[in-house]
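A quick write-up on the structure given underneath.
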């Protein structure tokens, strides 16, 4: 079995990109260690602040964000970073070649119940002679140089794409490094499993309600087959399940706050997950267009998300 560094070298990824990925994943290993200490390290609970999203920050949200920001800004290959927990982008090294956007701790509401959380990241190539600005980050997802996430589950796993398919790695805690455990990840085109927050059903559009009602009706309904529903309450966990055994994940628009076009953030949640799912043979859309084709308007832009098994995504969109 090959280590992450060996896989990156064999893929002929640019050295600067390898440095960014190594820095990111090494920091995630440190975040994993902090998570495992839990209340012993006094890291659980709320920090007493709200982030730019208006969401209550957990202590580990702040800790993981600070760890990633500090380590990445010290990496010469990083030009700037953007985070869910930062109001604005943070310029790093003017001569750096890469921009990285990340959700430092996706699913942080799960921290205090010891449930699944993870770190999601998206990397773009970008060189310039002046300090980076937010405008430099506003590239469609098709231009991502790499995307991935680290899942802090029973085993700590890294799922990564540099545009040549999707690979899975598992952290070897004795060697303190990620080891490749699945060389090529694929998502079946059909599925009988879906993930959605059913408590929001009354706020969805009529078409989305009709689609999910048909899933729930199973063999007694229009779909003529039974479906199972799963919901982790962390995108990283729900997408990981799809990459492991198939399915469809949906976080559609809802009318609870009509001013918001969606719940999930395009730059550091939807785009990296869309790249991974497409590289594994699946599809990723809003209700109107392919996610990776969206021209971003801001680093914290929100979008509806429908991703997973290609045929099931098409079926959902047909509604």
For this session: Determine whether residue 103 is in a strand (DSSP E or B) and assigned by TED's automatic domain parsing to the domain that holds residue 33.
Result: yes
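In this structure, is residue 138 crowded, with 17+ Cβ neighbours inside 10 Å and either within 23 Å of residue 290 (Cα to Cα) or free of Cβ contacts under 8 Å to residues at least 12 places away in the same chain (or both)?
Criteria not met by residue 138.
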Problem set entry | region 193-212, subset more than 14 Å from residue 316 (Cβ to Cβ) and under 23 Å from the mean Cα position of the chain (by Cα), residue surrounded by the fewest Cβ atoms within 10 Å (Cβ to Cβ) | 199
Exercise. What pairs can you find where one residue is in region 206-232 and in the same structural domain as residue 313 (by TED's automatic domain parsing) and within 16 Å of residue 246 (Cα to Cα), the other is at pLDDT below 95 and part of a helix (DSSP H, G or I), and their Cβ atoms are less than 8 Å apart, with a gap of 6+ or different chains?
Worked result: 232/110
Exercise. Are any residues in region 122-147 part of a strand (DSSP E or B) and more than 17 Å from residue 280 (Cβ to Cβ), and if so, which ones?
Worked result: 123, 124, 125, 145
Exercise. Does residue 66 satisfy the condition of being in contact with a strand residue (DSSP E or B) (Cβ under 7 Å, 6 or more places away or on another chain) and either modelled with pLDDT of 90 or more or in a loop (DSSP other than H, G, I, E, B) (or both)?
Worked result: no
For this session: From 292, 215, 276, grab the single residue that is assigned to a helix (DSSP H, G or I) and either over 16 Å from the mean Cα position of the chain (by Cα) or more than 24 Å from residue 124 (Cα to Cα) (or both).
Result: 215
Exercise. Can residue 292 be described as surrounded by 22 or more Cβ atoms within 10 Å (Cβ to Cβ) and touching a helix residue (DSSP H, G or I) at 6+ places or on another chain (Cβ under 9 Å)?
Worked result: no
Seminar exercise, completed: Flagged pairs (Cβ under 9 angstrom, 6 or more apart or on separate chains; first in region 241-254, assigned to a helix (DSSP H, G or I); second at pLDDT below 95) are 241/232
For this session: Determine which single condition residue 194 fails, assuming it passes every other condition in (1) assigned to a strand (DSSP E or B); (2) in contact with a helix residue (DSSP H, G or I) (Cβ under 9 Å, 6 or more places away or on another chain); (3) over 17 Å from residue 249 (Cα atoms).
Result: (3)
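The values are calculated or read from the model by the stated rules, or taken from the named source; none is laboratory data. Computed from a prediction, not measured in an experiment: that's the story for all the values here. Counting neighbours? That spans all protein chains shown, and the Cβs are built from the backbone with ideal geometry, glycine included.
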